[in-house]
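Derivation of every value follows stated rules applied to the coordinates shown; laboratory data play no part. For clarity, every value in this text was computed on a predicted model and none was experimentally measured. Methodologically, a virtual Cβ is constructed for each residue, glycine included, from the backbone with ideal geometry; neighbour enumeration extends over all protein chains shown.
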Amino acid sequence: MGYLRFLLAHPRFLSFGFGLNVFVALGQTFYVSLYNGEVRAALGLSHGELAALYGTATIVGSVCLLATGRLLDRVDLRWFTVATTIFVAVGCWLFSIATTITGLFIAVFAVRFAAQGLWGVCAQVSMARYFDADRGKAAAVSNAGYAMGFAIFPLIGAWLLTTYGWREAWALSAWFVIIVVLPLTMFQLWGHGKRHKAYEEKLAGLANEKTGSPVRQWTLKEVLTDARFWLLQPAMLTVPAIVFSIQFHQLYLVEYRGWALTSFAGGYAVYSAVSLLGTLIAGSMIDRHGSYRVITLYLWPLVPALLVLAFISSAVAIPILMALTGLTFGMGLVVFVTIWAEMYGTKNMGAIRSFNIFLNVSLASTVMVLTGSLIDSGVSIEAMSYGGVCIVVLALGSTAIARRMPNPHENVAT
């Protein structure tokens, strides 16, 4: 009932965050990698070579995000969204006409930077910035869009691929972004000027409060000197690095285990449903207990997920793997947004969140490239899964150390 009342109170703006997170799928690894087989065949690339190209383009995009993401702290959200949406359409079109490795690199850079990067920043920062007491619910509702994207885009991509081909699929995506997504987001942001004015007035009022413990809005430079920020990074970075590597190399995994590709693609429905459940649970827990409580819990399902990947060869592993990784990822989507707002305030969220996305994407891309190289070298899925478990354990230890440090709620804004 709490979620229902919240939705009814803010339907249009919440649908903006939700919708962008659905469409972010156009730049997500699980969707782009559906076309890996055809792309490799068309350009004569190996698993490792394509992973290296994809990872490098993604890292370049994350570096660009450091400069552009912070613009969201200064530029009107509406104009930022329009520019980003047009960029996504251009990226999809470039993908459809790529005939060389250079052309493919530019296309991958564009869709990853604009769709996965800038669209994601728009959705996450806007939900954290303009909601206070219900920030957890806002992040949960918004990030439920990820769950829907995971549920429908693999099926849409598979249908487009078999019906039209990979080039036509990306061309149709470009038209979809211009004809559907662009006008939809403008409608959802109608009247945003009043919302932003109220937010600025709130910040000014907090800054002028005559108290002994003034509200503090951390700059990115200050954040980078905080030991807690770095101790929490392993917990933030481990999940996307492992989950996205599994998704990027899904065709190899299916071939290695002898599974049907349709069965694996169908498993994304389980991933989506459990991810949605995870976001809703995390949103409620964060509003009641804070983000630190959730960050100590959400990594645990990844351990049995990796053990399933290592020990179970039959197709029964697919729904189990999807459910466990979906639960971890769904909870993580919410805490990724809220914890920085709780610790460092919301005024400079664009810069702080963009920097964290830079770290996130850089590491995840590096792991994808490394995984591709390991595959080319003959390293087994089992061995890589054991390595993943060790990384998760180390991340849990780092988080435990961060929790013992001074309370992040002291003298900071929420």
For this session: Return one number: the angle in degrees, 0 to 90 and rounded to the nearest 10, between the long axis of the Cα atoms of helix 192-207 and the longest principal axis of the Cα atoms of the chain.
Result: 50
For this session: Tell me, rounded to the nearest percent, the portion of alpha carbon pairs in the chain spaced more than 27 Å apart.
Result: 48
Exercise. Which of Glu342, Glu38, Glu200 comes first, and how do the rest follow, when ranked by fewest Cβ neighbours within 10 Å?
Worked result: Glu200, Glu38, Glu342
Exercise. Once phi is turned into ³J(HN,Hα) by the Karplus curve 6.51 cos²θ - 1.76 cosθ + 1.60 with θ = phi - 60°, what whole-Hz value does each residue of the stretch 10-20 show in order, with x for glycine and proline?
Worked result: 9, x, 6, 5, 5, 5, 5, x, 4, x, 4
Seminar exercise, completed: Going fewest to most other Cβ atoms within 10 Å around each Cβ, Tyr298, Tyr271, Tyr130, Tyr386 line up as Tyr386, Tyr130, Tyr298, Tyr271
Exercise. Over what distance in Å are the Cα centres of the stretch 258-316 and the stretch 215-241 separated?
Worked result: 24
Exercise. With each run of n ≥ 4 DSSP H residues scored as -39500 (n - 2.57), what mean residue ellipticity at 222 nm is computed for the chain after dividing by its residue count and rounding to the nearest 500 deg cm²/dmol?
Worked result: -25000 deg cm²/dmol
Exercise. Which of Phe248, Val82, Ala115 sits farthest toward the positive end of the charge dipole of the stretch 2-403, with +1 on the Cβ of Lys and Arg and -1 on the Cβ of Asp and Glu?
Worked result: Val82
Problem set entry | Summed side-chain charge close to Leu94 - residues other than Leu94 whose Cβ falls under 15 Å, Lys, Arg +1, Asp, Glu -1 | +1
Exercise. So for the stretch 148-287, taking the charge dipole from beta-carbon charges (+1 Lys/Arg, -1 Asp/Glu), which of Phe176, Leu189, Leu232 sits furthest toward the positive end?
Worked result: Leu189
Exercise. Where q = 0.12 Å⁻¹, what log10 of I(q)/I(0) comes from the Debye formula for the stretch 254-389, counting one point per Cα?
Worked result: -0.58
Problem set entry | Estimated FRET transfer efficiency (Glu382, Ala198; beta-carbon r; R0 56 Å; 0.05) | 0.55
Seminar exercise, completed: FRET efficiency for Val316 and Leu71 from the Cβ-Cβ distance with R0 = 51 Å, rounded to 0.05, comes out at 0.60
